[in-house]
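The values are calculated or read from the model by the stated rules, or taken from the named source; none is laboratory data. Given the structure is predicted, the values throughout are model-derived calculations rather than measurements. Counting neighbours? That spans all protein chains shown, and the Cβs are built from the backbone with ideal geometry, glycine included. Calculation scope for accessible area: heavy atoms of the full protein, side chains included, ligands and nucleic acids excluded. Shrake-Rupley method; radii C 1.70, N 1.55, O 1.52, S 1.80 Å.
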Amino acid sequence: MQISEINYVNFRNLKDNNLKFSSKFNLFLGKNGQGKTSILEAVYFSATGKSFRTPRQNEIINHSRERTGSFVVFEDSISKKTLSVKLGKGKKEYSYNKKRVKYDDFHGKLNIVSFIPEDISLLTGAPGVRRSFFDYEISQANKEYYQDLKNYTKLLKFRNKYLKEKKHNDPMFDIYQNEFIKFGARIIKKRLDYVRNISILLNLNYRKLFDDKKELRLKYSCFLGELKKVETAQIEKLIQEKINQVFWQEKRYGFSLVGPQKDDFIFLLNDKEAKSYASQGEKKSIVFSIKLSEIDMIIKEKKESPIFIIDDISSYFDSLRKESIIKYFKKRDIQLFISSTTDLNMASKNFYIEKGDIYEEYDQCKKDNRGSRDQK
Ligand SMILES: Nc1ncnc2c1ncn2[C@@H]1O[C@H](COP(=O)(O)OP(=O)(O)O)[C@@H](O)[C@H]1O
Ligand SMILES: [Mg+2]
């Protein structure tokens, strides 16, 4: 997939603009605080309706405005399409091919993977960070998972409400519980399959890019304990057994003690937990490798390359790692959006950012007095 064009208004500190992109490498250059992350965020927002740096969506609206919006034109292997998102006064509106749609019909149309320095929390943060990340990523590749997760979340809420209100003898409780078990098992099964597949890619990518001697694995840590090659029906049985064991406690605490909302994803480097064992440099490489593997998973499931965003590459990676990343992408057919404070040694369409103003290379030449930019 490729984004050919973006339009945005009132997005953070960016001056309203229309930009045309290269189908390969797009590089955003500028000093700190000029708007590099913001333009990448605008691209991400157009594709997902979300920000990659904050869950508080109103933060992206320009401080002196009340609403923001963005519009992208993109192409997949079939045709040209458009997406737009408008946000204001706590409301969000999505459009696909210029028609208003619900989020469910917007989600997953344009696949995108982002890597920002804060993503290190994927390794160092709480289990909830990893669950949200993997839930989102599995959903991108698998629409069914997205629906299962939506249903499960609703059922978990019902079950907790009944437990809290001590209504576990209500006939509805059993009905909800059966569905809760059914959807819980489907989620666990899909997570297990996903982890098994991505773990292989993760190891390959890590070794190819960063260290061919170490072994990197991803493990799904489930509240049911170690699960090997199980089918959904078996998982359902295991959940029921677990409920039988802890139900007396659930009644006492008034909420569910079982379910995939308790689970975690563990990165193992040479069989040791990377969270505590890996060096700072290795942690960055691990997180970067999981993003590359996500790209591979999307290609595998959807037969389309997603778009890839890398924020602040120059201050995040040392020059060796940076070079190996650039080399990797030169060989691949993926549209990239990269921000950096220094120029990178690659053929790219360059955009220069100053106080939220973005100049394409050609405009910058004009601005610098008719093409005297001899460093390019
Ligand atoms: N909602 C907003 N409205 C206006 N300015 C904002 C908003 N959010 C952030 N900014 C400002 O935008 C500037 C650019 O931020 P950022 O994109 O993170 O820069 P860079 O990545 O180039 O360092 C910062 O000075 C920041 O304070
Ligand atoms: Mg930045």
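Laid out as a table, the results:
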{"read-out": "22 Å Cα-Cα reach of K228 towards lysines, excluding residues that sit fewer than 8 places from it in its own chain", "value": "K182, K189, K190, K219, K237, K242, K262, K272"}
{"read-out": "Most mobile of K300, K31, K331 in a GNM of the chain (Cα contacts under 10 Å)", "value": "K331"}
{"read-out": "Residue pairs, from the table K229/K251; K81/K322; K86/K143; K50/K99; K91/K154, whose Cα atoms sit over 25 Å apart", "value": "K229/K251; K81/K322"}
{"read-out": "Cut-off 14 Å between beta-carbons: net charge of the residues surrounding N7, Lys and Arg +1, Asp and Glu -1", "value": "+2"}
{"read-out": "Cubic angstrom per residue, convex hull over Cα atoms of region 126-301", "value": "116 Å³"}
{"read-out": "Residue order for H63, H107 - accessible surface, 1.4 angstrom probe, largest first", "value": "H63, H107"}
{"read-out": "In region 220-296, the trypsin sites (Lys or Arg not before Pro) that fall in loop regions by DSSP, at most 12 other Cβ within 10 Å", "value": "K228, K229"}
{"read-out": "Under 12 Å, Cβ to Cβ, from R207 - net charge with Lys/Arg +1 and Asp/Glu -1", "value": "+1"}
{"read-out": "Rounded to the nearest 10 Å², the accessible area of I299 at probe 1.4 Å", "value": "50 Å²"}
{"read-out": "Bridge type composition, region 126-301 - antiparallel percent by DSSP, nearest 5", "value": "100 percent"}
{"read-out": "Sum of -39500 (n - 2.57) over DSSP H runs of 4+, divided by residues of the chain (222 nm, nearest 500)", "value": "-14500 deg cm²/dmol"}
{"read-out": "Cut-off 11 Å between beta-carbons: net charge of the residues surrounding H107, Lys and Arg +1, Asp and Glu -1", "value": "+3"}
{"read-out": "Region 171-225 and region 3-58: distance between their alpha carbon centers, rounded to Å", "value": "32 Å"}
{"read-out": "Selected from F255, H168, I310, residue furthest toward positive end of dipole (the chain; charges at beta carbon)", "value": "H168"}
{"read-out": "Fraction of antiparallel bridges per DSSP, the chain only, in percent to nearest 5", "value": "70 percent"}
{"read-out": "Probe 1.4 Å, all protein chains present, accessible-area order of R131, R56, largest first", "value": "R56, R131"}
{"read-out": "E236 accessible area, 1.4 Å probe, all protein chains in place, Å² to nearest 10", "value": "60 Å²"}
